[in-house]
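K.L.:
Provided herewith is a single structure, encoded as structure tokens, for subsequent inquiry.
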Amino acid sequence: MTAIATIKAELRAAIAEARPDGTYEDAVFDRIHAAIAALTPLPPTPDCLAAQAFVQSPWRSLYSQFGPRHTAGKPTRHETTMNLQSFNKFPAVPMLVTDIDQEIRVEGANYNNVVSVSTPDGAHHAEMIVWGRYAIAAETPQRYGVDFYAVELRPPAGVSAEAIRAGFGLPVDHPLRSELKPMKLHSDVVYCDDDMRINFGSMGGVYVLQRLTSPGKSVDFG
């Protein structure tokens with residue numbers, strides 16, 4: 001096993017030790033960040049601007065830290081409300097997050113967050129898509145500057161808009177897509193290889209993602 005493979009295996013093992021609420025014991029949190037610190041000087045793609053087609057992919061979130069402390073984490077599967085996931089474009093109805101994907105595609109400069117959601121009882125399912133566009137500047141070739149411009153609740157194939165509104169308890173006339181005032185954020189790709197990506201966000205977030213081979217949910221990677 002190579003040195004990089006060993007570090008990645010340690011990172012995945014530490015991430016898997018999350019407590020049920022998504023937080024980590026101090027020693028495990030330190031292991032996660034030690035592994036991240038060991039990987040970031042060894043990026044196989046030191047210039048994302050020149051390698052956008054390699055970074056392009058559907059990605060699944062393995063670890064999300066939303067602030068400077070380990071208590072800021074959440075497990076991938078967790079209960080929340082629609083307003084928290086939609087920048088208040090949907091009502092505060094309860095829902096369950098089951099998966100969190102991010103889809104980066106060069107054609108269209110897509111940088112979309114795709115959250116798989118269900119009603120708390122698991123009876124109804126949908127995708128909540130936060131649509132974004134990215135740009136990369138020559139002076140910061142690892143930085144994806146992102147404008148998130150719309151949020152959408154997309155029913156599964158064969159399920160009508162009326163049925164998904166009823167299932168999630170939304171008003172009968174509530175739009176399933178709303179435009180957002182573009183929010184300019186950025187995310188620095190500090191590590192990216194065949195199956196793992198690590199990003200540092202502009203608001204202090206730390207993210208570890210796994211490359212998927214699926215065709216994509218918000219855009220087509222076929």
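Taken together, the values in this text are just the output of simple stated rules run on the coordinates, not laboratory data. Not measured: the values here are computed from a predicted model. Cβ sites come from the backbone with ideal geometry, for glycine too, and all protein chains shown count toward neighbours.
K.L.:
When the helix-only estimate is applied to the chain (DSSP H runs of n ≥ 4, each -39,500 (n - 2.57), divided by the residue count), what is the mean residue ellipticity at 222 nm, nearest 500 deg cm²/dmol?
P.N.:
Calculated at 222 nm, the ellipticity per residue is -5500 deg cm²/dmol.
K.L.:
Also, quick follow-up: What's the FRET efficiency of D30 with D195 using the Cβ-Cβ distance as r and R₀ = 22 Å, to the nearest 0.05?
P.N.:
0.35
K.L.:
Relative contact order (percent) for the chain, with alpha-carbon contacts under 8 angstrom and 6 or more residues of separation?
P.N.:
Values: 466 pairs, mean separation 44.3, N = 222.
The normalised contact order for the chain reaches 20 percent.
K.L.:
Rank these for me by crowding, V93, V114, going from fewest to most other beta carbons within 10 Å.
P.N.:
The order, fewest Cβ neighbours first, is V93, V114.
K.L.:
Rank the residues I164, I198 as a footprinting-exposure proxy: fewest other Cβ atoms within 10 Å of their Cβ go first.
P.N.:
Ranked by crowding around the Cβ, least crowded first: I164, I198.
K.L.:
Continuing with this model, one more query. What is the spin-label model distance, in nm, from A123 to F66 if the labels are put 7 Å beyond Cα along the C-beta direction?
P.N.:
2.8 nm
K.L.:
I've got another one for you. Taking only Cα atoms and a 10 Å spring cutoff, compute GNM fluctuations for the chain and point out the largest among N110, N199, N88.
P.N.:
Ranking N110, N199, N88 by mean-square fluctuation puts N88 first.
K.L.:
Let me know the charge dipole size of the chain about its Cα centre in debye, to the nearest 20, where only the beta-carbon of Lys, Arg (+1) and Asp, Glu (-1) is charged. The partial results should precede the final answer.
P.N.:
Details: 20 positive and 25 negative charges, 45 e Å.
Once rounded to the nearest 20, the dipole reads 220 debye.
K.L.:
Mind sorting M82, M203 by how few other Cβ atoms lie within 10 Å of their own Cβ, fewest first?
P.N.:
With the fewest neighbours first, M82, M203 line up as M203, M82.
K.L.:
7 Å from Cα along Cα→Cβ at both A161 and D173: what's the point-to-point distance in nm?
P.N.:
Rounded to a tenth, the inter-label distance reads 1.3 nm.
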